[in-house]
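Trainee: Below: one structure in structure tokens.
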Amino acid sequence: MPKASFMDTAICEAELAAERGEVPVGAVLVNENRIIAADGNRTLELNDPTAHAEILVIRRAAEILGSERLPGCDLYVTLEPCPMCAAAISFARIRRLYFGASDVKSGAVENGVRYFNDATCHHAPETYSGIQAETSSEILRRFFAARR
């Protein structure tokens with residue numbers, strides 16, 4: 001499956017999150033060119049501030065693969081990860097991170113704390129941004145516009 005298709009799946013997960021009333025962020029974790037886990041934000045549904053899409057797919061993949069380290073895995077997410085998610089990505093030793101929209105307010109990869117560039121970061125994935133960024137941004141714009 002090509003990279004765009006993995007991001008398409010993450011976008012579908014973001015749209016499903018929006019339908020649940022969650023901030024529409026979707027994530028897909030891939031190992032050996034196959035989806036291991038896919039989900040969207042579930043912080044409201046689970047009453048869990050850590051239930052971001054990235055955390056959920058990392059947890060599920062670690063369970064499926066039987067390891068807290070995921071060095072051969074790639075993560076696709078519709079929005080630039082926050083500091084919590086960037087740390088989880090580092091701790092899981094994710095190989096590559098692909099993300100859509102930048103997050104000037106809460107992002108921690110190219111914005112904000114730039115976690116992977118910090119000396120305290122033990123592992124930084126290869127990072128690729130702007131993958132279907134406009135589509136990812138539009139889902140977020142529509143979601144928040146409907147709440148104003």
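The values are calculated or read from the model by the stated rules, or taken from the named source; none is laboratory data. If you're wondering where the values come from, they're calculated on a predicted model, not measured in any experiment. Note: ideal-geometry Cβ built from the backbone for every residue, glycine included; neighbour counts use all protein chains shown. Please note that ligands, DNA and RNA were not included when accessible areas were found on the heavy atoms of the full protein model with its side chains. Shrake-Rupley method; radii C 1.70, N 1.55, O 1.52, S 1.80 Å.
Trainee: In this structure, is V30 of a type outside the set (S, T, Y) and within 23 Å of E138 (Cα to Cα)?
Mentor: For V30, the condition - of a type outside the set (S, T, Y) and within 23 Å of E138 (Cα to Cα) - is not met.
Trainee: What are the residues in the stretch 83-109 that are open to solvent by less than 10 Å² (accessible area, probe 1.4 Å), in contact with a Leu (Cβ under 9 Å, 6 or more places away or on another chain) and either over 20 Å from N31 (Cα atoms) or part of a loop (DSSP other than H, G, I, E, B) (or both), if any?
Mentor: Hits for the stretch 83-109 are A92, I94, A101, G107.
Trainee: I'd like to verify a number: residues in the stretch 115-148 that are touching a strand residue (DSSP E or B) at 6+ places or on another chain (Cβ under 7 Å), farther than 19 Å from T9 by Cα, not in a helix (DSSP H, G or I) and not charged (D, E, K, R), how many?
Mentor: Qualifying residue count, the stretch 115-148: 1.
Trainee: A follow-up question, please. Tell me the residue from I94, I131, I139 that is farther than 19 Å from R59 by Cβ and in contact with a Pro (Cβ under 6 Å, 6 or more places away or on another chain), please. So that I can check it myself, show each step before the final result.
Mentor: Numbers: I94 fails: farther than 19 Å from R59 by Cβ; I131 fails: in contact with a Pro (Cβ under 6 Å, 6 or more places away or on another chain).
After ruling out the rest, the residue left standing is I139.
Trainee: Hey, could you check the stretch 110-148 for residues that are under 14 Å from T78 (Cα atoms) and among the hydroxyl-bearing types (S, T, Y) and say which is most open to solvent (accessible area, probe 1.4 Å)?
Mentor: Only one residue tops the list, namely Y128.
Trainee: Going through the stretch 39-71 one residue at a time, which ones are open to solvent by less than 40 Å² (accessible area, probe 1.4 Å) and touching a residue at least 24 places away in the same chain (Cβ under 8 Å)?
Mentor: D39, G40, N41, A53, E54, I55, L56, V57, I58, A61, A62, L70
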